[in-house]
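Working notes, beginning with the structure itself.
Every read-out reported here was derived from the displayed coordinates using simple, explicitly stated rules and does not represent laboratory data. Because the structure is a prediction, the values reported are computed rather than measured. Every residue, glycine among them, receives a Cβ derived from its backbone with ideal geometry; neighbour counts consider all protein chains shown.
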Amino acid sequence: MKRTAVKDLLMAEAPKDEIIVKGWVRTKRDSKTFSFIELNDGSTINNIQVIVDDNSPAYENIKKLSTGSSCAVKGKLVESPGKGQKWEVHGTEIEIYGLAGSDYPLQKKGHSKEFLREIAHLRPRTNLYSAAFRVRSRLAYSVHQFFQERGFFYVNTPIITASDCEGAGELFRVSTLNAEKPPIQEGKADFSKDFFAKQTYLSVSGQLEGETFATALSNIYTFGPTFRAENSNTARHAAEFWMIEPEIAFADLDENMDVAEAFVKHMVKDALENCKDDLSFFSKFVDKELFSRLENIVENEFARVSYREAVELLQKTDKKFEYSVDFGTDLQTEHERWLAEEHFKKPVFVYNYPDSIKPFYMRKNEDGETVAAVDLLVPGVGELIGGSQREERMDVLLKNLEAHDIPLEEYQWYVDTRKYGSVPHSGFGLGFERMIMFVTGLQNIRDVIPFPRTPGNCEY
Ligand code: 4AD
Ligand code: MG
């Protein structure tokens, strides 16, 4: 007989004479004439209650079970007389898979997230983390659903790369050279002897390779791991994170924003429809405003404001910031949060940034000082999306490469897309973990990625 998932048992329409349910014991209680356990198998945040009478053959085994133990229960699904649940299982046979001793770290509820981060291998067995990772799974599905339904093709861009898309120098080196004794040429490590006969890195973005596919398949998206050796120990940065990067041929910056807005709304709507139990948990224990915040996303248009206007708003407000704002400086997190949380009170696109603070590939505007860049700032998280219209004019692109000190030889393949049948095109990158933070209300990126990698931290 096959096991039935707890989720399906809890949604049953009628009692069942014989079922098998398997999972891990969350709690156990004994009374004089019976014992009962709360069993969870991760299919839902909810547990199923299993009751065994002292005259049942299963009684001997249920007595042995402790919190964290795993077992299979055969029994009847019956209507529960107790409050809070419709169904319970009356066990007739229990098979023990593995016991967990009194040193099992998750004996009781209410451990701090800091403590649970230190046992990342066990934390998915808690309500909070199982909920976060079920939401993560559903959001991944809805990423593909959104793009596939709109005719975008999924492209797998390389993880090992020789280029630095963002030009921020936050690259992790990939090398098989002997770190203690590398071959030396003119006083420096000789990378011509390295595995790829050149210097290579983990990708900080799949965009440049994505662009080559957008100039062939028109609409594409990537969805993969991204690596940045950014030494910023914040609650919003991870050294390894996942990014979704659509690239849209023939689209300008406005169309880019339209797609980004529809994309974010689609994911929020999908989570509201398909992650009800988990989101209810988050709204109870993590963020009381969760549902109203998410509904506000689906129902209202996002704001759109130019960088110049945003700077003016920031200069005009009475709010005191740690960093001052001037045209030409990058917005700090405190500025981004003020714009989204206090001024607009909803997601806001900020577009047309000064070219001096943006990478080489962004399209120069007519004013000569800004580029067609866009960031989406959302309440609670700050920057969720970064994107731009791309520079499709070859002469301007060549000048940009030079201005950024980027050797043309290494980017000839990229320039070729402008040399042969160049088209206007745009795209953006959405940080997947930041999206999960936004949907769950969790405030730390370490709580929405299974095994977080941050400066000084690479457990497992
Ligand atoms: O703004 P970014 O750096 O943009 C790019 O990488 C472009 N190539 C995207 C494109 O146009 N195709 O990164 C995009 C998003 C950010 O808005 C943020 O949500 C997320 O990726 N992100 C991070 N998330 C977690 N940890 C980090 N260290 C992140 N760095 C960026
Ligand atoms: Mg950015």
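Miscellaneous remarks
- Distance violations [Cα-Cα > 28 Å] among Lys74/Lys108; Lys2/Lys288; Lys86/Lys109; Lys7/Lys288; Lys83/Lys284; Lys64/Lys284: Lys2/Lys288; Lys64/Lys284
- Amide proton proximity set for Thr454, modelled H, under 5 Å, gap of 5+: Ala239
- Taken as Cα centroids, the stretch 222-252 and the stretch 347-378 sit 17 Å apart, rounded to the nearest whole angstrom.
- Spin-label model distance (nm) - Lys64 vs Glu410, 7 Å beyond Cα toward Cβ: 6.2
- Cα-based reach from Lys188 at 19 Å (exclusive), listing lysines while leaving out same-chain residues under 8 positions away: Lys198
- Nearest-ten-degree value, helix 253-274 long axis tilted from longest Cα axis of the chain: 0
- q = 0.09, 0.10, 0.11, 0.12 Å⁻¹, the stretch 134-259: log10 I(q)/I(0) [Debye, one scatterer per Cα]: -0.35, -0.43, -0.51, -0.59
- With neighbours defined as other Cβ atoms within 10 Å of a residue's Cβ, the residues Ser283, Ser203 order from fewest to most as Ser283, Ser203.
- Stokes-Einstein translational diffusion, the stretch 240-318 - Kirkwood Rh over all Cα pairs, 1.567 mPa s, 4 °C, in µm²/s: 84
- Nearest-ten-degree value, helix 290-299 long axis tilted from longest Cα axis of the chain: 50
- For Tyr353, the residues whose amide H sits under 5 Å from its own are Val371, Ala373, ignoring neighbours fewer than 5 places away on the same chain, with H placed 1.01 Å from N.
- When you restrict to C-alpha pairs under 8 Å that are six or more residues apart and normalise by the size of the chain, the relative contact order lands at 13 percent.
- Calculated FRET value between Asn300 and Lys108, using beta carbons and R₀ = 56 Å, to 0.05: 0.85
- CD proxy at 222 nm, helix term only [per DSSP H run n ≥ 4: -39500 (n - 2.57); per residue of the chain; nearest 500]: -9000 deg cm²/dmol
- The chain: angle of helix 307-316 to the longest principal axis, Cα-based, in degrees nearest 10: 70
- The length gained by stretching the chain between Gln443 and Asp254 to full extension, at 0.36 nm per residue less their Cα-Cα distance, is 65.0 nm.
- Distance from the Cα centroid of the stretch 297-323 to that of the stretch 1-79 is 53 Å (rounded to whole angstrom).
- Convex hull volume of the Cα atoms of the stretch 304-392, normalised per residue: 86 Å³.
- The relative contact order of the stretch 73-228 comes to 20 percent, based on Cα pairs under 8 Å that sit 6 or more residues apart.
- Computed E for Lys86/Lys181 - FRET, C-beta separation, R0 60 angstrom, nearest 0.05: 0.35
- Estimated at 0.36 nm per residue, the fully extended path between Lys7 and Arg150 surpasses their Cα-Cα distance by 48.3 nm.
- Loop-located GluC sites (Glu not before Pro) in the stretch 207-291 (DSSP state not H, G, I, E or B) with no more than 13 neighbouring Cβ atoms inside 10 Å: Glu289.
- For the stretch 451-460, putting each phi into the Karplus relation 6.51 cos²θ - 1.76 cosθ + 1.60 with θ = phi - 60° gives couplings of 10, x, 10, 9, x, x, 9, 8, 6, 6 Hz, in residue order, rounded to whole numbers and with x for Gly and Pro.
- With neighbours defined as other Cβ atoms within 10 Å of a residue's Cβ, the residues Met394, Met1 order from fewest to most as Met1, Met394.
- What the Cβ-Cβ distance of Ser280 and Leu99 gives, at R0 = 41 Å and to the nearest 0.05, is a FRET efficiency of 0.80.
- Its alpha carbons give the chain an Rg and a Dmax of 26.6, 86 Å.
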